[in-house]
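Comments concern the structure below.
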Amino acid sequence: MALIKCSECGNEVSDKAAACPKCGNPINEIESPREATTKTTSSGALAKFIGFMMIVIGMFMAIAGAYGSLGGVLIFIGIVLFIMGRFKDG
Ligand SMILES: [Zn+2]
């Protein structure tokens, strides 16, 4: 957490605050484009999540034994998706 100076009154305000408590000037107005960046990285997060789920399901299949080879394939695809998700995030 950092303190930034309010552009209206010069009062020191937390950068987490939505508005200056002294004059009500909105603080995070300039930082709003960050929301767009988090939305674009969510596709990478989704790929990582799906990859992680496939690894977990594949492991259960491998442990169960019945679908041993299929579980291995799922783990492999899951790892590939997980790595792809990491690259998308970076
Ligand atoms: Zn202010």
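Here are a few things to note about the model shown:
- Against the test of being at pLDDT 85 or above, outside any strand (DSSP E or B) and either among the basic types (Lys, Arg) or farther than 30 Å from LYS5 by Cβ (or both), the options ILE63, ILE50 yield a single qualifying residue, ILE50.
- Annotation note: Cβ proximity below 8 Å between a residue of the stretch 35-54 that is over 14 Å from LEU81 (Cα atoms) and a residue that is modelled with pLDDT under 85 (sequence gap 6+ or interchain) occurs for THR41/LYS88; THR41/ASP89.
The values are calculated or read from the model by the stated rules, or taken from the named source; none is laboratory data. Everything numeric in this text was worked out from a predicted model, so none of it was measured. Ideal geometry is used to build each Cβ from the backbone, glycine not excepted, and the neighbour counts take in all protein chains shown.
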